[in-house]
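The values are calculated or read from the model by the stated rules, or taken from the named source; none is laboratory data. Being a predicted model, the structure only gives us computed values, none of them experimental. FYI the Cβ positions are ideal-geometry reconstructions off the backbone, even for glycines, and counts take in every protein chain you see. The accessibility values were calculated without ligands, DNA or RNA, using every heavy atom of the protein model including side chains. Shrake-Rupley method; radii C 1.70, N 1.55, O 1.52, S 1.80 Å.
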Amino acid sequence: MGFLYGYLQEAKNGISKRFNNDRKKFEDVFYFINKRWDNKLKAPLHRAGYYLNPFYYYRNKVVVEDNETFRDGVITCIKKIVPDGETQDKIIEELQKYQDAEGSFGKEIAKRQCKNIHFDPAKWWLNHGSSGPNLRKLAARILSLTCSSSACERCWSSFQQVHTKRRNKLLHDRMRDLVFVKFNSKLRQKKDNKDRDPLEKPVSDALEDEDNEWITDVEPTEMDSEQEQEIGDGSQGVATAPAPRKRGNQTKKRKRLIPIADDELSASSSDGENDSAMPSDSLSDSEAE
């Protein structure tokens, strides 16, 4: 955090030098850089990181002190990070020692180490900030923050969920509003769940589920609609008689035909012929007698 503001400023100075400070050649580029920089990268936290970084502060002390926004950024961070009023007053007093390089800030080793751009400003404060113990804690906390593009990545993932192959004809304003609502709903949900303990979340117990076949070892039975109606009416205190069933609605059982093979059919037909011939023979014998 302590180098982001300084890197952007050095990048603008490098662009200006390459074009011999001819503003007409890079004015359009600076417009887009300043537009993004003013909206996103000039927050009080970025200004405070630039102010508390000794590598930039002591090199550009006059410019930094003339720009009131850097001091305002430090004061804003003090109000938000430090809630105690007495500690805030002590930090303001210790801030004067840092500006004048008094005490541990004015030692030769402290001045030599802060001139190296590859040094860690948070560790510098821990090593050489004994003259301002309260300010040292605040500066180390701010300068230890890291910058990342996680917020942009989350925003792009929201755009990818809204703008799909099936829904690719959305207007720009409409799509931006949908992403705004979706992204802020996630932030709202994250904020609501921030203070909750995941171990204390209510979890449904399977043992309390009476309809769970794996626990009760009882198969659920399907109830007729008429029985469900009786139970529902009985729970309300109204008893109703079951409706009589009509005989016409009863389904008749149909006989099932068993298939017969051809051999069995021929054998049964021959037996039938023999049976039909025997009574005729017996009648003829009786008549003859």
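What a 1.4 Å probe finds exposed on the range 20-152 is 49% carbon and sulfur by accessible area, rounded to a whole percent. Applying a threshold of 26 Å to the alpha-carbon distances of 61/123; 107/137; 40/97; 12/190; 17/111 flags 40/97; 12/190; 17/111 as lying beyond it.
Rolling a 1.4 Å probe across the protein heavy atoms gives the range 31-153 an accessible surface of 59 Å² per residue. Given a Förster distance of 25 Å, report the FRET efficiency between residue 21 and residue 117 from their Cβ-Cβ distance, rounded to the nearest 0.05. With R0 = 25 Å, the Cβ-Cβ based efficiency is 0.55. Here the gap between residue 7 and residue 29, fully extended at 0.36 nm per residue and compared with their Cα-Cα distance, gives a gain of 6.2 nm.
Once the chain from residue 59 to residue 84 is taken as fully extended at 0.36 nm per residue, the excess over their C-alpha distance is 5.8 nm.
Using a ≥ b ≥ c from the Cα gyration tensor of the range 40-98 (square roots of the eigenvalues), is it rounded, prolate or oblate, where a/c under 1.5 gives rounded and otherwise the larger of a/b and b/c decides, a/b for prolate? Judged from the Cα gyration tensor, the range 40-98 comes out oblate (a/c at least 1.5, b/c at or above a/b).
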